[in-house]
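The values are calculated or read from the model by the stated rules, or taken from the named source; none is laboratory data. Predicted, not measured: the structure shown is a model, and the values here were computed from it. All Cβ positions, even for glycine, are placed from backbone atoms using ideal geometry, and neighbour counts span all protein chains on display.
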Amino acid sequence: MTNIVVVGAQFGDEGKGKIVDILTETSDIICRYQGGANAGHTVIVGKDKYILHLIPSGILRKDKMCVIGNGVVIDPEALIEEIKYLEARDISVKNLMISESAHIIFPYHKLIDQLSEKAAENNDKNCKTGTENTSTKIGTTGRGIGPAYTDKAARKGIRAIDLLDDEVFKQKLKANVDEKIKVLKALYNASDSELKNAEFNSVYKKYTEYAKILKPFISNTTTYLNNAIKSGKKILFEGAQGSLLDIDHGTYPFVTSSNATVGGVCTGLGISPHKVNKILGIVKAYTTRVGSGPFPTEFDAKMSEKIREIGDEYGATTRRPRRCGWFDAFLLKHSVMINGLDSIAITKLDILDSLDKIKICVGYRYKDKQDKNKDNKDNSNNKSVGRLLDSFPAACKVLENVEPVYEELPGWKEKTSGIKDFNKLPKNAKAYLKRIEELTSVKISIISVGAERTQTMFVD
Ligand code: GDP
Ligand code: IMO
Ligand code: MG
């Protein structure tokens with residue numbers, strides 16, 4: 001029995017879908033435990049490409065059970081669309097289970113998400129730094145994730161089980177719609193046409209239809225999973241987003257609204273930490289980020305574009321261009337610590353094949369007010385270079401102003417996408433990987449050099 005967590009170790013889009021798909025082969029049950037349809041997990045099977053948003057990537061392999069846990073926020077419209085998308089491609093969803101305790105996303109959540117981002121954008125234009133503003137534009141996916149988790153925490157949310165009880169559903173929906181319409185009008189100037197989809201009659205009608213479709217999938221997944229673990233089934237926990245987008249440990253407020261780190265597994269499924277046997281971090285061989293927020297190792301525009309084109313770095317959910325940057329070992333060390341990663345999978349190594357030189361960030365320097373005052377007093381013209389930080393900073397203001405310290409390594413200038421054996425990797429590629437292990441004190445157990453299942457190497 002080995003129950004493995006697959007967790008994004010950077011800012012999301014590390015290639016979790018691909019690695020989950022591979023590990024599914026030797027698992028029995030695959031579970032999503034947090035996030036929602038903000039996720040976009042790509043799996044390539046031969047000539048076919050699948051993008052999963054809510055359903056665990058394990059669904060692509062026959063006879064595996066797939067669970068959407070209580071920690072996930074479910075947009076029924078997106079879920080039904082995904083079910084239809086899979087069925088149209090002859091992928092059966094008969095093994096899908098949805099937790100009765102999972103919270104449901106409604107049209108008003110999506111509207112609040114989208115309009116609050118719009119309002120924040122206008123506000124940001126008049127604000128100097130943006131980060132200290134209470135209504136900062138996060139660059140969300142607009143899928144209603146934040147507002148749905150807000151309702152959950154405020155104990156106003158509507159859960160999957162509520163959809164199955166007409167009386168309860170009607171009453172809860174009425175209270176929510178009344179409140180949300182007021183908020184949408186007062187705070188976000190929502191127009192009548194925008195509000196039309198969020199009104200009670202329209203939502204009630206649509207969601208009672210959705211409930212009929214989803215009813216067969218909804219059950220007590222917590223009991224099911226704990227019994228399955230007891231009987232020796234192997235569970236794979238599929239994380240969404242990335243550790244630096246975690247609401248507690250990420251670059252707050254530029255984060256998502258759930259615990260994308262390993263802790264989310266226990267609360268998001270009702271499983272004891274005793275049942276988690278291995279924690280695998282998924283790490284891109286460089287760094288990307290979608291949306292706003294600090295990104296110390298971000299490339300300049302020209303280099304960013306180059307890597308974006310080679311690596312096809314466009315969001316799987318929104319198709320937004322991803323921001324790209326050098327590998328950040330200091331950030332990964334933080335991720336290794338908060339997740340207790342046992343090992344990591346390095347993905348997209350092939351994207352670096354053409355580079356002459358490759359940089360790794362080994363630390364951050366930060367010049368605080370005291371240093372700056374000292375410079376002024378010394379009249380030394382910014383002589384001091386700032387102190388090296390000993391831990392990943394919590395304040396965005398600090399993170400936005402750190403200066404990354406780089407080590408430069410020679411590139412390998414060789415195609416790696418066809419290599420099947422770790423020992424056959426170019427010498428400089430092996431040196432790059434070894435340096436990552438040394439700097440982060442974590443072992444690399446998987447190396448990926450292409451999107452396909454076969455372009456994967458297991459170390460040991
Ligand atoms: P996820 O959200 O973590 O599952 O990652 P995404 O699917 O959003 O983005 C990762 C992208 O990289 C997808 O298009 C994958 O097909 C692709 N990919 C994964 N591993 C590799 C790799 O080793 N090399 C290349 N070239 N592409 C990869
Ligand atoms: P996967 O699972 C990358 C980002 C958004 C935004 C922030 C908050 O594919 O790795 P949200 O809609 O969650 O309120 O947006 O989080 N974000 C992701 N970035 N990959 C994801 O998922 C993401 N899910 C959310 O771009 O910056
Ligand atoms: Mg993704």
Please work out which residue is surrounded by the most Cβ atoms within 10 Å (Cβ to Cβ), limiting yourself to segment 273-317 and to residues that are among the basic types (Lys, Arg) and touching a residue at least 40 places away in the same chain (Cβ under 8 Å). LYS284
Filtering segment 400-418 down to residues that are farther than 21 Å from LYS357 by Cα and of a type outside the set (Gly, Ala, Ser) yields GLU400, ASN401, VAL402
Residues of segment 1-10 that turn out to be in a loop (DSSP other than H, G, I, E, B) and either surrounded by 24 or more Cβ atoms within 10 Å (Cβ to Cβ) or of a type outside the set (Ser, Thr, Tyr) (or both), as a count: 4
Scan of segment 21-61 for residues that are hydroxyl-bearing (Ser, Thr, Tyr) and in contact with a strand residue (DSSP E or B) (Cβ under 7 Å, 6 or more places away or on another chain), ordered by number: THR24, SER27, TYR33, THR42, TYR50, SER57
Please give the strands (runs of 3 or more DSSP E) falling wholly within segment 401-460 in which 1 or more residues are outside the structural domain of TYR50 (by TED's automatic domain parsing) and more than 23 Å from THR297 (Cβ to Cβ). 443-448, 456-458
Is it the case that ASP13 is assigned to a helix (DSSP H, G or I), over 22 Å from PRO216 (Cβ atoms), within 11 Å of ligand 1 (Cβ to nearest atom) and charged (D, E, K, R)? no
Out of SER292, SER335, which single residue is of a type outside the set (Phe, Trp, Tyr), assigned to a loop (DSSP other than H, G, I, E, B) and either away from ligand 1 (no atom under 12 Å from the Cβ) or in contact with a Ser or Thr (Cβ under 8 Å, 6 or more places away or on another chain) (or both)? SER292
Segment 252-270 - residue that is more than 30 Å from SER135 (Cβ to Cβ) and touching a residue at least 60 places away in the same chain (Cβ under 8 Å) and, of those, surrounded by the fewest Cβ atoms within 10 Å (Cβ to Cβ): GLY270
Quick one: count up the residues across segment 16-65 that are assigned to a strand (DSSP E or B), touching a residue at least 60 places away in the same chain (Cβ under 8 Å) and crowded, with 24+ Cβ neighbours inside 10 Å. 6
How many of the residues in segment 39-81 are out of contact with any helix residue (DSSP H, G or I) (no Cβ under 9 Å at 6 or more places or on another chain) and closer than 25 Å to VAL255 by Cβ? 1
Filter segment 1-34 for residues that are touching a Leu at 6+ places or on another chain (Cβ under 9 Å), among the small types (Gly, Ala, Ser) and within 16 Å of ligand 2 (Cβ to nearest atom); which is farthest from VAL72 (Cα to Cα)? ALA9
How about segment 202-240: which of its residues are of a type in the set (Ser, Thr, Tyr) and over 12 Å from GLY270 (Cβ atoms)? SER202, TYR204, TYR207, THR208, TYR210, SER219, SER231
Within segment 223-243, work out how many residues are within 16 Å of ligand 3 (Cβ to nearest atom) and surrounded by fewer than 24 Cβ atoms within 10 Å (Cβ to Cβ). 0
Subset tally (residues that are within 16 Å of ligand 1 (Cβ to nearest atom), touching a Gly at 6+ places or on another chain (Cβ under 9 Å) and not in a loop (DSSP other than H, G, I, E, B)) for segment 295-316: 1
Exclusive hit being over 21 Å from VAL72 (Cβ atoms) and in contact (Cβ under 8 Å) with a residue 12 or more places away in the chain, set ASN220, ASN201, ASN197, ASN226: ASN197
Among the residues of segment 198-211, are any part of a loop (DSSP other than H, G, I, E, B) and either within 16 Å of ligand 1 (Cβ to nearest atom) or touching a Lys or Arg at 6+ places or on another chain (Cβ under 7 Å) (or both)? yes
